[in-house]
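Data block below; observations after.
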Amino acid sequence: MSEADGRAERFSRRLNLAPLSQWEAGVSRPASACGPAAMAALADYWAGLALPGSGAAESAPARINHMYERYGGRPWGMSAGGLVRGLRRYWKRHAPEGARVFLAVFRDFERYREEIDAGRPVAVKFDRWSALRWRGDYAFDYHWTVGIGYEVEGKNRFLLLHDNGGRKRSGEAVPGRERRIAYEANRPVLTMVSLRIDTPENRGV
């Protein structure tokens, strides 16, 4: 979608995904479950494209716990390589016969935009510690999110993300919600992981 405001043209795209929350009651290790929550969200999305054997019949906490326990969850968090390995193992078990699974790690907005334009959500990690960015104002210090869209307003570029929920100081869980994050301000600490699954029925999705 694009629209003109008289000065700068605006482009945007948003995918239809239901947000998950790592802090939902029933998640076994919520403080370190952002990576598994992102993995579960991607699995849910591809299940919505009618991939056999990848349905989301269990509760959201059960799906997050399953990803954590079977596919690479750790108390200290999950690296981009760990998330890729976990997704690869998951789809090796759950993808339909004849499917081809493609995973890639990248950091640039244009590649992210291409994935969203193709209808594929992206796992997006913020990590100031591995990037050695001790100073700076970033949306998150260390956190996995799910990229569901983007906005471009002139030279300003934004990521639309599901934040995987949060927790108030009182301990009350906050549901996952959409966040609009400036790309340039957070670019030094971002890593992105794309997932594409081709089957004989959906080649080119």
**Complete:** Taking only the Cα positions of the range 62-162, the convex hull volume per residue in Å³ is 127 Å³
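Can you tell me what the convex hull of the Cα atoms of the range 6-198 projects to on average, as an area in nm²?
11.5 nm²
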**Request:** Show me 37-46, 72-81 ranked by packing, highest mean number of other Cβ atoms within 10 Å first.
**Result:** 37-46, 72-81
**Item:** Point-to-point label distance, Glu97-Asp137, nm (Cα→Cβ direction, 7 Å offset)
**Value:** 5.7 nm
**Message:** Run lengths n ≥ 4 of DSSP H only: what is the helix-derived mean residue ellipticity at 222 nm for the chain, with -39500 (n - 2.57) per run over all residues, to the nearest 500?
**Reply:** -8000 deg cm²/dmol
**Asked** Mind checking which helices in the chain clear 20 Å along their axis (Cα) and have mean Kyte-Doolittle hydropathy of -0.5 or more, DSSP H runs only?
**Response** 34-48
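No lab work stands behind these numbers, since they all come straight from the coordinates. The shown structure was predicted, so the numbers you read here are calculated from the model rather than taken from an experiment. FYI the Cβ positions are ideal-geometry reconstructions off the backbone, even for glycines, and counts take in every protein chain you see.
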